[in-house]
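Participant: Questions regarding the structure given below will be posed in turn.
The values are calculated or read from the model by the stated rules, or taken from the named source; none is laboratory data. Quantities reported herein were computed from a predicted structural model and do not represent experimental measurements. Note that we place each Cβ from the backbone using ideal geometry, even for glycine, and neighbour counts take in every protein chain shown.
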Amino acid sequence: MNIISIFSFYSLDEKIRFLQLTMKYPASTKALLLAILTQFSVHAQQLETTTPVRAKTNGEAWWNGNYENINKDIKALGPDIDLCFVGDSITARWRGKENNWSKYWGEYKAANLGIGGDGTQHVLWRLQNGQLDGYKAKIFVVLIGTNNLWGKDSKPADAAAGVKVILDEIQKKQPQAKILLLSLLPVGEKPNPGRDSRAAVNEIIKKYANESIIYMDIATQFLQPDNTISKDDMHDFLHLSPKGYEMWAKAITPKIKEILSK
């Protein structure tokens, strides 16, 4: 991991504090550190995971249809929303009747902003193109990044950088909201490199927690004592079964109720 990737883990305030701490160093050292931070900005802009773009999953018409349906759902909920779930297919499939969306979230004004196949760059595009506008939400539940880790050259630091720009976008457009940031879930029936890369992302994104962002690790709940995943919880060892959604709901409901009660 290079030093530019390391800096991508931290907020602007943290970078400023870092620079303040380096003021005691010689001018040549300070100049080098400033150059590194400048390069960080360029590097972040060039990452696929942080560059907003429409997706073409299952064809543009399919993705655009899902995008427009979410926009309609948001509009129908009105100007005040309790919960917005932001993510990919793992979030999107909670809409299915067998997964009991209404059972868990029917008592709230809740929006599902999940689209299958989305990576961080696709969610970012959606958030910059209407899906954070026209309403105020109390909580955003964010679970995104696993689709940025399928490529052979994918890097956990890049996926984590994508998560960070999404959090920044939410905070910029919905400053009143709390964000419940969830760990990426494990994949595969047995331990494998894909799990390791997702665990590495979790190690990074848990550092994003602050007064407005609450990090919650729910990954371990889907692992059996022998570190396998049960089909009862994840039917294909990636997507959740009805029982898996129940586990997810039980894990986050106390924190959601706590936030909404304030």
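Participant: Looking at (1) in contact (Cβ under 8 Å) with a residue 12 or more places away in the chain; (2) surrounded by fewer than 19 Cβ atoms within 10 Å (Cβ to Cβ); (3) over 22 Å from residue 212 (Cα atoms); (4) polar (S, T, N, Q), find the lone condition where residue 49 falls short.
Facilitator: Failing condition for residue 49: (2).
Yes/no per residue for (1) touching a strand residue (DSSP E or B) at 6+ places or on another chain (Cβ under 6 Å); (2) of a type outside the set (D, E, K, R):
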site	(1), (2)
103	no, no
115	no, yes
128	no, yes
139	yes, yes
149	no, yes
154	no, yes
158	no, no
170	yes, yes
179	yes, yes
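Participant: Could you say whether any residue in the range 110-128 is modelled with pLDDT under 95 and of a type in the set (Gly, Ala, Ser)?
Facilitator: From the range 110-128, those modelled with pLDDT under 95 are none; that's our starting set.
So far as the range 110-128 goes, no, none of its residues is modelled with pLDDT under 95 and of a type in the set (Gly, Ala, Ser).
Participant: For the range 79-99, which residues satisfy the criterion of being touching a Gly at 6+ places or on another chain (Cβ under 9 Å) and in contact (Cβ under 8 Å) with a residue 24 or more places away in the chain?
Facilitator: Initial filter on the range 79-99 (touching a Gly at 6+ places or on another chain (Cβ under 9 Å)): 79, 85-95, 99.
Correct list: 79, 85, 86, 87, 88, 89, 90, 91, 92, 93, 94, 99.
Participant: Could you give me the residue pairs with C-beta distances under 7 Å whose first residue belongs to the range 172-189 and is under 21 Å from residue 223 (Cα atoms), whose second residue is of a type in the set (Lys, Arg) wherever it lies, and which are 6+ apart or on separate chains?
Facilitator: Filtered contacts from the range 172-189: 184/198; 186/195; 186/198; 187/195; 187/198; 188/195.
Participant: Just for strands (runs of 3 or more DSSP E) wholly inside the range 108-205: which have at least 2 residues that are among the hydrophobic types (A, V, I, L, M, F, W, C) and over 26 Å from residue 64 (Cβ atoms)? Give the derivation first.
Facilitator: On the way: elements: 110-114, 136-143, 178-182.
By residue number, 178-182.
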